[in-house]
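Report on the following structure.
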Amino acid sequence: MPISFFRYLSCGGLNVIFDWVLFFIFFHYIFNEQVADFGIIAFKPHIAAFLFTFPITLLSGFYLSKYVSFQNSTLKGRIQLFRYIIVVIGCLLINYICLKLFVDVWHFFPTPSKMITTIFTTIFSYLMQKNFTFKITT
């Protein structure tokens, strides 16, 4: 197993657990399992929890990827961050679509739905981060 893959799994695993804990706290305690009404827009509690945890785990994931998982990338930090955000937007879309499907269409519980969704986003994210965001240029 390549060391970058091991580091990615380790750091990604920590960031995923961090994400799940934040999601649980936001869903159950901050939004109280109620619709989050912001006046001009309202979100179901599982979507609101997801949207509020997203920027936190975006930053923690970037720093873990940059400084632990893919240390050998020769791209400049600002380019890495820009590419990382592009990949994360893809992950955001996968998350949103899967959560809407699992929770709203199939009526699964929100937290396990988030965990299942993580499998899809992890595969997409690793492949994109390795081959696009933190690729090694020669």
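The values are calculated or read from the model by the stated rules, or taken from the named source; none is laboratory data. Please read these numbers as outputs of a predicted model, since none were measured by experiment. Every residue, glycine among them, receives a Cβ derived from its backbone with ideal geometry; neighbour counts consider all protein chains shown.
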note = Across (1) in a helix (DSSP H, G or I); (2) farther than 18 Å from LEU14 by Cβ, LEU64 clears everything bar (2)
key: Contacts under 8 angstrom Cβ, first residue in the stretch 69-96 being closer than 15 Å to THR137 by Cβ, partner among the aliphatic types (A, V, I, L, M) and in a loop (DSSP other than H, G, I, E, B), 6 or more apart   = ASN72/ILE136; SER73/ILE136; THR74/ILE136; ARG83/LEU75
message = Being under 19 Å from ASN131 (Cβ atoms) and of a type outside the set (Ser, Thr, Tyr): is that true of VAL68 here?
response = yes
ask   = Can you find even one residue in the stretch 49-64 that is of a type in the set (S, T, N, Q) and within 18 Å of LYS130 (Cα to Cα)?
value = yes
task = Hey, can you tell me all the residues within the stretch 1-33 that are farther than 30 Å from ASN131 by Cα and assigned to a helix (DSSP H, G or I)?
result = PHE24, ILE25, PHE26, PHE27, HIS28, TYR29, ILE30
query = How about the stretch 87-104: which of its residues are surrounded by 13 or more Cβ atoms within 10 Å (Cβ to Cβ), at pLDDT 90 or above and over 20 Å from LYS44 (Cβ atoms)?
reply = VAL87, GLY90
ask   = Within the stretch 105-123, which residues are farther than 15 Å from PHE27 by Cα and either crowded, with 18+ Cβ neighbours inside 10 Å or out of contact with any helix residue (DSSP H, G or I) (no Cβ under 6 Å at 6 or more places or on another chain) (or both)?
value = VAL105, TRP106, HIS107, ILE116, THR117, THR118, ILE119, THR121, THR122, ILE123
message = Scan the stretch 90-101 and tell me whether some residue there is closer than 14 Å to GLY61 by Cα and out of contact with any Cys (no Cβ under 9 Å at 6 or more places or on another chain).
response = yes
remark   = In the stretch 37-90, residues that are under 18 Å from VAL21 (Cβ atoms), within 11 Å of the chain's Cα centre (by Cα) and of a type outside the set (Ser, Thr, Tyr) total 8
